[in-house]
Amino acid sequence: MNTRKNLLISTLVATVLGTASMQGLAFDFKGVLKEAVEKEIGQKPETAPNESSQTPAATDNSSVAKNNEPEFNWKNPSQEEEISLGRQIAGNLLGAAPLVKDAALQKYVNSVGRWVASQSERPDLPWRFGVIESEDINAFAAPGGYIMVTKGLYRKLSNEAQLAGILGHEIGHVVKKHQLKVLQKQQLLNIGAGFLSDKYAKDNKLMSKAIGTGAEISARSLDKSAEYEADRLGLSYATRAGYEPYGLTEVLQAIGQTNKNDGSVALLFKTHPHPDERLVALGDAIGNRLDNIKDGKTLENRLYQLKN
């Protein structure tokens, strides 16, 4: 029964991610992730791994345009435009796999995620994190700071440092605007980049297609160099946040040992370099620079345990 259910969820996710429809516009991401995580449990993050109280609270998102189809400048998107676009893309993803109905889990993941994000080059983004109902092993990032981890991937974790490494990887994608740049390039090509005018660059009619294709890009359209860069950044952010540096590599090792015929990793293996390749690239990039780092926290006892 569980196998059939997982297959159904995977099929639904694939269908939504592969469809450039208006359904993403109708789905109110702000009403799902923000209310489920913030209204019910509050915005104040937990303390950092060193138990200090310096973890910053999430930035208010009240300045984001609230129209379903905001004017969007594809030539040079503003941060507000990036956030608005990411919110709608994330809503498309949540239309396929909703948040796990566990307020304590969502609060915990947001606390860890926001602390790690505060160590990045874009701490001012209104970072939002969530665990979604899917037994696939995967994680997704949308522009503007919207990050989701599947329940299947969360089950693989054995300590908080590993969670920090995974979230750090996705934070790296957002910091470097990997998904946004791919989407931006596609949209500019669609309207003829060589003959762009400001009028067409801000054409709202492009938004309906962008939301659907943006969800697909968040899940599967990044090249190897972007994944390798996000791995390096994720390790760096987690280390700066006070975690043991090798949380991400431990997760990659665990995923790499999963049978390639296991349906839970089918999408991940299809859309990402194999974990073994990522480990080699990360090892080559880091070398022995982490050898002298001491007192990094793993925090096994603080990892929130799933209820089912």
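The values are calculated or read from the model by the stated rules, or taken from the named source; none is laboratory data. Everything numeric in this text was worked out from a predicted model, so none of it was measured. Counting neighbours? That spans all protein chains shown, and the Cβs are built from the backbone with ideal geometry, glycine included. Surface areas here come from the heavy atoms of the whole protein model, side chains and all, with no ligands, DNA or RNA. Shrake-Rupley method; radii C 1.70, N 1.55, O 1.52, S 1.80 Å.
Do the alpha carbons of any pairs in Lys107/Lys181; Lys107/Lys185; Lys107/Lys294 sit beyond 32 Å of each other, and which pairs?
Going by Cα-Cα distance, Lys107/Lys185 fall outside the 32 Å limit.
With every protein chain kept in the model, how would you rank Lys101, Lys75, Lys307, Lys107 by accessible area, 1.4 Å probe, largest at the top?
I get Lys101, Lys307, Lys75, Lys107, largest accessible area first.
Starting from the Cα of Asn73, step 7 Å along the direction of its Cβ; do the same at Arg155; then give the gap between the two resulting points in nm.
4.7 nm
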